[in-house]
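*Asks:* This structure is in structure tokens; I'll ask about it shortly.
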Amino acid sequence: MRKTILAATLFISAAAFAQQDFSKVEVKAQKVAGTVYMLTGAGGNIGVSVGDDGIVIVDDQYAPLAPKIKEALKAIADKPIKFVLNTHYHGDHTGGNETFGREAPVIAQTNVRKRLASGSHALGRDVPPAPKGALPVVTFDDKVSIFFNGEEIKAAHFPHGHTDGDSVIHFSGSNVVHMGDDFFNGTFPFIDVENGGGVKGMIAAGEKILSTMPDDVKIIPGHGPLSDKAGLKAFDAMLRETSAAVQKQIDEGKSLDDIQKAKPLAEWAEKWGKGFINPERFTAMLFDSIKAGR
């Protein structure tokens with residue numbers, strides 16, 4: 001059953017990418033706070049710091065959108081890109097690396113470079129190694145800071161959340177956090193269990209931000225609209241409650257097939273189940289995550 005679900009997920013995601021007409025995608029900029037903007041288009045949300053020192057971008061969506069991303073950045077400020085940060089390795093966040101890496105160094109957690117360089121397997125398919133020009137040239141294990149545009153931009157590694165290479169980016173002076181895909185605002189998330197992800201780590205990342213950031217912090221999710229602590233708190237509660245619901249079924253000795261037939265996530269389906277990951281797929285991800293101890 002699980003292989004069927006993963007195959008269905010793969011079919012949908014691959015078909016959606018193949019059918020995506022990037023010429024129709026509009027990359028839009030939204031002011032967040034301080035030096036920070038958020039760009040939306042197709043793929044993960046992009047964080048942007050703009051100031052006298054130039055531009056830092058966090059993630060860069062799909063490769064075909066690089067020209068539109070550049071246009072959107074130029075509309076904010078005609079400044080050079082000085083640094084690129086990746087929150088994790090997935091192609092909807094790193095697809096523009098090869099293009100933007102010609103202009104500025106790409107920085108990421110160590111596991112991001114490893115997975116991009118070696119290729120990976122996710123959702124039933126092999127992802128080939130990324131070209132050399134798309135690889136991060138600066139890596140870190142736990143944390144790194146860029147002092148830029150009058151503030152410290154901090155990247156901190158949160159292990160075993162969305163993947164094993166997740167970074168949360170804190171624009172300290174602007175009071176903005178970019179969560180990457182450790183936060184899907186309004187939908188069930190994709191947890192890449194095959195590549196080190198786990199629901200426990202995703203919960204830990206959210207709870208760390210909730211406990212350490214000011215109440216008025218602005219939060220850029222990996223997917224979904226700009227958010228705040230209330231939005232992240234709702235997402236965190238959903239993760240804890242849905243994982244507990246699946247854990248209960250596992251504790252009763254049920255197989256994944258039996259658990260999915262029981263529909264333990266029905267209570268959350270209406271609010272959270274309308275994105276790319278439906279309740280059945282999310283049940284399988286929680287099952288695999290729990291079985292892996294993550």
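*Asks:* If a residue counts only when it is within 15 Å of the chain's Cα centre (by Cα), surrounded by 20 or more Cβ atoms within 10 Å (Cβ to Cβ) and touching a residue at least 60 places away in the same chain (Cβ under 8 Å), which strands (runs of 3 or more DSSP E) contained entirely in the range 115-214 have at least 2 such residues?
*Replies:* Result: 167-171.
*Asks:* Still on this model: Check 77, 66, 72, 42 and return the single one that is small (Gly, Ala, Ser), in contact (Cβ under 8 Å) with a residue 12 or more places away in the chain, over 20 Å from residue 154 (Cα atoms) and surrounded by fewer than 16 Cβ atoms within 10 Å (Cβ to Cβ).
*Replies:* On inspection, the qualifying residue turns out to be 77.
*Asks:* Examine the range 114-136 for a residue that is over 26 Å from residue 183 (Cα atoms) and among the hydrophobic types (A, V, I, L, M, F, W, C), and state whether such a residue exists.
*Replies:* No, the range 114-136 contains no residue that is over 26 Å from residue 183 (Cα atoms) and among the hydrophobic types (A, V, I, L, M, F, W, C).
*Asks:* Could you tell me which numbered condition residue 198 fails, if it satisfies all but one of (1) under 18 Å from residue 244 (Cα atoms); (2) of a type outside the set (D, E, K, R); (3) in contact with an Asp or Glu (Cβ under 7 Å, 6 or more places away or on another chain)?
*Replies:* Here residue 198 clears every test but (3).
*Asks:* Is it true that some residue in the range 216-239 is of a type in the set (Asp, Glu) and within 21 Å of residue 278 (Cβ to Cβ)?
*Replies:* Yes, the range 216-239 has at least one match.
*Asks:* Among (1) in contact with a Lys or Arg (Cβ under 7 Å, 6 or more places away or on another chain); (2) on the phi > 0 side of the Ramachandran plot, where does residue 50 come up short?
*Replies:* So residue 50 meets the others, but not (2).
*Asks:* Name the residues in the range 215-228 that are surrounded by fewer than 24 Cβ atoms within 10 Å (Cβ to Cβ) and either in contact with a strand residue (DSSP E or B) (Cβ under 8 Å, 6 or more places away or on another chain) or over 24 Å from residue 61 (Cβ atoms) (or both), would you?
*Replies:* Answer for the range 215-228, where residues must be surrounded by fewer than 24 Cβ atoms within 10 Å (Cβ to Cβ) and either in contact with a strand residue (DSSP E or B) (Cβ under 8 Å, 6 or more places away or on another chain) or over 24 Å from residue 61 (Cβ atoms) (or both): 215, 216, 217, 218, 223, 224, 226, 227, 228.
*Asks:* Would you call residue 66 in a helix (DSSP H, G or I) and in contact with a helix residue (DSSP H, G or I) (Cβ under 6 Å, 6 or more places away or on another chain)?
*Replies:* yes
*Asks:* Another question about this same structure. Quick one: residue 88 ticks every box in (1) assigned to a strand (DSSP E or B); (2) within 30 Å of residue 288 (Cβ to Cβ); (3) touching a residue at least 60 places away in the same chain (Cβ under 8 Å) bar one, so which box is it?
*Replies:* The one condition residue 88 does not meet is (1).
*Asks:* So is residue 60 modelled with pLDDT of 95 or more, under 18 Å from the mean Cα position of the chain (by Cα) and of a type outside the set (Gly, Ala, Ser) or not?
*Replies:* yes
*Asks:* Same structure, new question: Has the range 229-247 got any residue that is charged (D, E, K, R), surrounded by 17 or more Cβ atoms within 10 Å (Cβ to Cβ) and in a helix (DSSP H, G or I)?
*Replies:* yes
*Asks:* With the structure loaded, tell me whether residue 253 is closer than 22 Å to residue 287 by Cβ, out of contact with any helix residue (DSSP H, G or I) (no Cβ under 9 Å at 6 or more places or on another chain) and assigned to a loop (DSSP other than H, G, I, E, B) or whether it fails that test.
*Replies:* Against the criterion (closer than 22 Å to residue 287 by Cβ, out of contact with any helix residue (DSSP H, G or I) (no Cβ under 9 Å at 6 or more places or on another chain) and assigned to a loop (DSSP other than H, G, I, E, B)), residue 253 qualifies.
*Asks:* Between a residue in the range 255-274 that is closer than 18 Å to residue 187 by Cβ and without any contact (Cβ under 8 Å) to a residue 60 or more places away in the chain and any residue that is small (Gly, Ala, Ser) and assigned to a loop (DSSP other than H, G, I, E, B), which pairs come within a Cβ distance under 7 Å, given they are 6 or more apart or on different chains?
*Replies:* Filtered contacts from the range 255-274: no entries.
The values are calculated or read from the model by the stated rules, or taken from the named source; none is laboratory data. Computed from a predicted structure; not experimentally measured. A quick note on method: Cβ atoms are made from the backbone with ideal geometry, for glycine too, and the neighbour counts reach across all protein chains shown.
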